[in-house]
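Q: Okay, handing you the structure first.
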Amino acid sequence: MVNLSMVRGSRTVLDRVNLRVLAGERLVVVGPSGAGKSTILRLLAGLLLPSSGDVRIHGELQTYLRLDQRRPPDVRLVFQNPALLASLNVRENVGFLLYRFSRLSEAEIRERVSRALAAVGLYGIEERLPGELSGGMQKRVSFARALIDDPAAVGGLAPLLLFDEPTAGLDPVACTRVEDLIVRSTELTNAAGVVVSHVLSTIERCAERVILLYDGRFRWDGTLEAFLTSDDPYVHQFRTGSLDGPMQPAEP
């Protein structure tokens with residue numbers, strides 16, 4: 001992102017921010033609710049266009065929304081809500097894009113779906129509906145959908161994996177499973193991973209680098225080790241949950 005701004009009505013969500021993420025790097029974006037963290041993911045995913053400034057992926061300027069691109073870069077977004085299609089079974093959800101756009105045979109798609117489910121620790125649930133699964137299992141199915149091997153993806157380039165509050169609402173054990181999946185998925189594919197999270201365990205287990213976003217700007221950027229010990233007022237307030245500090249509710 002280069003001098004990127006996002007304006008909605010009279011509100012400036014992002015104000016001339018600059019961000020560079022490298023292949024193989026895991027970045028966690030933190031900050032209070034409503035700061036614009038999910039907006040960053042949607043801009044990177046091509047679901048929104050910036051008001052000004054550039055988004056470049058693998059050096060290529062992104063000038064169209066994702067569905068308008070003939071050969072979009074390999075960007076995969078895991079939503080906070082698993083966003084599974086309730087009328088389709090697990091196999092059809094995980095293999096949705098392959099069924100819709102690829103020329104693979106049914107047997108090849110089933111094999112790729114099985115591999116993706118095995119990677120997230122789910123076996124033999126291909127024919128079950130999302131409503132028959134727990135919240136944690138649904139979340140892992142959404143990971144499998146994001147990680148499925150897509151032969152149509154641009155070859156030779158590391159994918160960009162985006163995770164929007166991936167552990168929100170999960171119990172501690174399910175959180176650990178999902179956090180391990182994030183680390184494993186980026187390591188296996190040498191992907192750049194960008195995670196938005198409020199959960200400290202997720203930050204500590206997933207981050208190599210942390211950025212704090214507040215009032216449209218990046219207020220702090222550093223390693224996980226520095227984040228855990230920094231006395232920067234923004235970082236300290238976020239880390240401790242204190243009501244005292246520079247991050248305050250907007251005036252009514």
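Q: What angle do you read, to the nearest 10 degrees and between 0 and 90, between the alpha-carbon axis of helix 106-119 and the longest principal axis of the chain?
A: 40
Q: On full extension of the chain, what length is gained from Leu61 through Asn81, given 0.36 nm per residue of separation minus the C-alpha to C-alpha distance?
A: On the way: separation 20, 0.36 × 20 = 7.20 nm, distance 2.92 nm.
Value of the extension gain: 4.3 nm.
Q: So, by mean Cβ neighbours within 10 angstrom, what's the order for 188-198, 4-14 with the highest one leading? Don't jump to the answer; show the numbers that get you there.
A: Numbers: 188-198: 20.6, 4-14: 15.5.
Per-residue Cβ counts within 10 Å, averaged per peptide and sorted highest first, yield 188-198, 4-14.
Q: Let's test the formula: R0 of 35 Å, r as the Cβ-Cβ distance of Val173 and Leu97. What FRET efficiency results, to the nearest 0.05?
A: On the way: r = 30 Å, r/R0 = 0.86.
E(calc), rounded to 0.05, equals 0.70.
Q: Using 0.36 nm per residue of separation minus the Cα-Cα distance, give me the extension gain between Glu208 and Ser51 in nm, one decimal. Mind dumping the intermediate values first?
A: Numbers: separation 157, 0.36 × 157 = 56.52 nm, distance 2.96 nm.
Fully extending the segment from Glu208 to Ser51 adds 53.6 nm.
Q: Say R0 is 30 Å: what FRET efficiency, to the nearest 0.05, do Ala118 and Ala226 get from their beta-carbon distance?
A: Details: r = 37 Å, r/R0 = 1.22.
Working from the Cβ atoms, E equals 0.25.
Q: Among (1) 0.96; (2) 1.09; (3) 1.03, which one is Cα Rg over 2.2 N^0.38 Å computed from these coordinates?
A: Among (1) 0.96; (2) 1.09; (3) 1.03, the one calculated here is (3).
Q: Given a Förster distance of 41 angstrom, what is the FRET efficiency for Arg8 paired with Arg184, based on the Cβ-Cβ distance and rounded to 0.05? Write out the running numbers ahead of the final one.
A: Values: r = 36 Å, r/R0 = 0.87.
Efficiency, rounded to the nearest 0.05: 0.70.
Q: Separate question: Is the shape of the range 18-62 rounded, prolate or oblate, going by the alpha carbon gyration tensor and its root eigenvalues a ≥ b ≥ c, with a/c under 1.5 for rounded and a/b larger than b/c for prolate?
A: Working: a/c = 2.15, a/b = 1.17, b/c = 1.84.
Cα axes put the range 18-62 in the oblate bin.
Q: In addition: Once both axes come from the Cα atoms, what is the angle between helix 135-147 and the longest principal axis of the chain, in degrees from 0 to 90, rounded to 10?
A: So the helix axis and the longest Cα principal axis differ by about 80 degrees.
We did not get these values from a lab; they are worked out from the coordinates using the rules stated. Not measured: the values here are computed from a predicted model. Note that each Cβ is placed from the backbone with ideal geometry, even for glycine, and that neighbours are counted across all protein chains shown.
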